[in-house]
Amino acid sequence: MANLLQKITGGLKAEKPIKLYGHGGGPNPWKVEVILRELGLPFDRQIMDFADLKKEPFESINPNGRVPAIEDPNTGMKLWESGAIIEYLLETYDSSNSLSYTSGAEKWEQKCWLHFQMSGQGPYFGQRAWFTLYHSEKNLTSCLDRYGNEIRRVISVIDAHLKSTGREYLVGDKCTYADLSFATWHWLLTSPPNIMGEGFAKEWEENYPLAWKWNERMQARAAVKEARDERTKVISGK
Amino acid sequence: MASDSDIHLYTAQTPNGIKISILLEELGLPYQTTKLEFSKSTQKEPWFLEINPNGRIPAITDKFTDGKPIRLFESGSIMQYLVARYDKDHKFSFPPGSREFLEMNNWLFFMNAGVGPMQGQANHFTRYAPEHIEYGVNRYQNETRRLYGVLDKHLADTKAEYLVGNKCTIADISHWGWVSAAGWAGVNLDDFPHLKKWEERMWARPALKKGANVPDPYKLKELLQDKEKMDRHAAEARNWVQQGMKEDAEKNAARSK
């Protein structure tokens with residue numbers, strides 16, 4: 001499947017920095033930043049105030065008024081939705097296939113996991129975060145349990161998959177964008193705000209050991225560490 | 001082409017399931033169907049977990065270009081696969097890498113990360129939850145309305161009949177099953193006139209109607225007219241939804257012992 005953009009640009013090299021619209025707390029913009037860093041692409045991060053998301057000029061970039069979104073001056077493209085952005089970055093700039101498989105069944109297997117991340121991991125982790133961080137005063141135990149159980153289920157699906165394949169990553173034998181798309185939401189589980197409680201890291205390691213090691217492997221990557229450090233700086237205002 | 005493929009769809013009568021049968025009908029592709037029985041937790045049986053490790057519908061298997069079997073799960077990636085492989089004339093998609101292709105992908109992800117999960121939560125709190133939690137009902141109905149507002153405004157601003165490039169693509173097909181089920185989540189489509197017209201435009205497509213009736217007859221439009229039937233239907237679904245939640249919770253707890 002020849003990619004038109006790559007054909008036009010001849011495996012484009014990003015000369016000008018890609019603008020990344022982000023925010024401190026939420027993991028989705030950082031998901032995109034991890035990929036930008038992994039691919040060694042130049043980028044400028046602009047941290048947005050929530051108040052500016054649902055009005056112009058930002059709404060012309062993302063009609064949904066959410067981050068992340070990107071503007072790429074090298075192609076003139078504007079994109080939103082972290083999953084769509086990641087697919088675009090890979091298809092446009094990963095000419096050496098360092099983070100992806102571009103053919104064969106693996107190409108599609110990756111997409112299945114990316115879609116599972118954005119429809120299965122992100123939304124449920126996000127709901128748990130909402131009920132944990134913003135509604136501690138209300139008695140919404142059943143909501144917390146609902147999303148807590150879903151988080152455990154998502155991790156157990158990964159754990160079972162790694163067990164059945166005997167591999168270290170979700171697809172094939174290397175770390176791909178499909179794996180990395182899960183990494184930034186895990187920050188909320190293993191460090192403040194610890195949306196599953198402080199004991200959860202131990203529970204995860206004991207009950208879902210293969211998924212735990214998989215996450216450790218990803219978190220040790222330079223790009224993931226750097227993005228995490230940047231996020232800490234943004235949140236603390238330094 | 002038929003001899004090069006061997007598409008088998010694993011599905012149920014849900015907004016996510018019918019996305020795929022609708023696309024297959026629109027593409028005019030032959031396929032076999034297996035219906036999964038949620039009431040019997042068929043989707044959690046080992047043979048199906050081989051096809052989708054997440055234990056959810058829809059999923060497909062096919063004979064891949066290398067002649068070997070391939071499995072796909074998640075409606076979004078299944079749709080991307082089907083158009084990449086079988087929509088060579090770009091009737092329901094655009095050439096990869098083109099501006100319209102990228103825009104179509106934005107909306108496809110918006111559906112699968114936004115509308116689907118949020119409206120799904122609205123369904124849960126409105127129809128299936130064991131106790132009535134007003135806050136949950138309001139939160140997710142409001143978020144569904146906000147997302148519908150984004151779609152409605154987009155259709156109004158672009159004055160287009162479909163979401164991208166003025167033709168029906170996988171971005172539209174992926175939304176239809178959910179938008180047509182707005183009433184089930186307690187959201188009134190009359191509040192979104194452009195989206196409502198879009199829904200009617202989609203429903204007028206013969207292939208969409210055919211695909212919506214897989215694997216069981218599509219009865220949601222009738223159901224939404226009849227409150228008593230709606231309540232009965234919700235009560236039946238509530239049982240297996242809660243049973244599934246209980247099983248998942250027990251499985252998690254068993255790990256911790």
What are the extents of the Cα atoms of segment A:4-93 along their three principal axes, in Å, largest first? 40, 24, 21
Just to be sure I understand the curve: with the Debye formula and one point per C-alpha of segment B:2-86, what is log10 I(q)/I(0) at q = 0.17, 0.18, 0.21 Å⁻¹? -0.63, -0.71, -0.96
Note, A:E203: beta-carbon cut-off 10 Å, +1 each Lys/Arg, -1 each Asp/Glu, net +1
Once B:E26, A:E56, B:E228, B:E103 are ranked on solvent-accessible area with the largest value leading and a 1.4 Å probe, the list reads B:E228, A:E56, B:E103, B:E26
How much accessible area does B:T65 have with a 1.4 Å probe, in Å² rounded to the nearest 10? 110
With a 1.4 Å probe and all protein chains kept in place, how do B:D87, A:D52 rank by accessible area, largest first? A:D52, B:D87
Of all accessible surface on the protein assembly as shown at a 1.4 Å probe, what whole percent is carbon and sulfur? 50
CD proxy, 222 nm, the protein assembly as shown: helix-only mean residue ellipticity via -39,500 (n - 2.57) per DSSP H run with n ≥ 4, per residue, nearest 500, stands at -17000 deg cm²/dmol
Averaged per residue, what accessible surface does chain A expose to a 1.4 Å probe, in Å²? 41
What is the distance, in nm, between label points placed 7 Å from the Cα along the Cα-to-Cβ direction at B:E131 and at B:A84? 4.6
Could you check how many percent of all C-alpha pairs in the protein assembly as shown are farther apart than 38 Å? 20
Multiply the residue separation of A:K213 and A:S103 by 0.36 nm, subtract the distance between their alpha-carbon atoms, and state the gained length in nm to one decimal. 36.9 nm
Using the beta-carbon distance between B:K229 and A:S60 and R0 = 41 Å, what value does 1/(1 + (r/R0)^6) give for FRET efficiency, to the nearest 0.05? 0.40
Could you bin all the Cα-Cα distances of segment A:108-190 into 10 Å bins starting at 0 and give me the percent of pairs in each, rounded to whole numbers? 17, 46, 26, 10, 2
Mind grabbing the interface size between A and B? I mean buried accessible area, both sides, 1.4 Å probe, in Å² to the nearest hundred. 4600
Segment A:78-230 - charge dipole about Cα centre, Lys and Arg +1 at Cβ, Asp and Glu -1, debye rounded to 20: 180
To the nearest 10 Å², what's B:H8's accessible area with a 1.4 Å probe? 40
In nm, to one decimal, how far is the modelled label at B:E161 from the one at B:A237, with both set 7 Å along Cα→Cβ? 3.1
Can you compute the label reach from A:A222? Point 7 Å from Cα along the Cβ direction, backbone N cut-off under 15 Å, restricted to segment A:19-50. A:34-42
For segment B:160-246, what is the Kirkwood estimate of the hydrodynamic radius, computed as the reciprocal of the mean inverse distance between distinct Cα atoms, to one decimal in Å? 14.5
So how do A:H115, B:H132 rank on accessible area, 1.4 Å probe, biggest first, that is with the largest at the start? B:H132, A:H115
Need the per-residue list for segment B:56-103: every residue with at least 40 Å² less accessible surface in the complex of protein chains than in the chain by itself, probe 1.4 Å, sorted by number. B:F64, B:R71, B:F73, B:E74, B:S77, B:Q80, B:A84, B:P96, B:G97, B:R99, B:L102
In a shell of Cβ-Cβ distance under 13 Å around B:V83, excluding B:V83 itself, what net charge do Lys and Arg (+1) and Asp and Glu (-1) give? +1
With labels modelled as points extended 7 Å from the Cα through the Cβ direction, what inter-label distance (nm, one decimal) is found for A:Q46 paired with A:S95? 2.8
Taking accessible area as the heavy-atom solvent-accessible surface of the protein chains with a 1.4 Å probe, which residues of segment A:46-81 lose no less than 50 Å² upon going from the isolated chain to the full protein assembly? A:N64, A:M77, A:W80, A:E81
Taking all pairs of distinct alpha-carbon atoms in chain A, Kirkwood radius in angstrom: 18.7
Any idea which of B:Y10, B:P53, B:L23 is furthest toward the positive side of the dipole for segment B:2-86, if Lys and Arg beta-carbons carry +1 and Asp and Glu beta-carbons -1? B:P53
Counting alpha carbon pairs within less than 8 Å and at least 6 residues apart, what relative contact order, in whole percent, applies to segment A:106-236? 27
Within segment B:175-212, the residues whose backbone N lies under 19 Å from a label point placed 7 Å from the Cα of B:N142 along the Cα-to-Cβ direction are B:185-189, B:191-192
Once the Cβ-Cβ distance between B:T65 and A:E198 is put in as r, and R0 is 41 Å, what FRET efficiency do you end up with, to the nearest 0.05? 0.25
Cα shape, chain B, gyration tensor, a/c 1.5 rule: oblate
Need one value: the accessible area of B:Y162 in square angstrom, 1.4 angstrom probe, rounded to the nearest 10. 20
Want the number for B:T33 to B:K153: 0.36 nm per residue separation, take away the alpha-carbon distance, what's left? 39.5 nm
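The values are calculated or read from the model by the stated rules, or taken from the named source; none is laboratory data. Being a predicted model, the structure only gives us computed values, none of them experimental. Virtual Cβ from ideal backbone geometry, glycine too; neighbours counted across all protein chains shown. Each accessible area value is taken on the protein alone, full model and side chains, heavy atoms only, with ligands, DNA and RNA left out. Shrake-Rupley method; radii C 1.70, N 1.55, O 1.52, S 1.80 Å.
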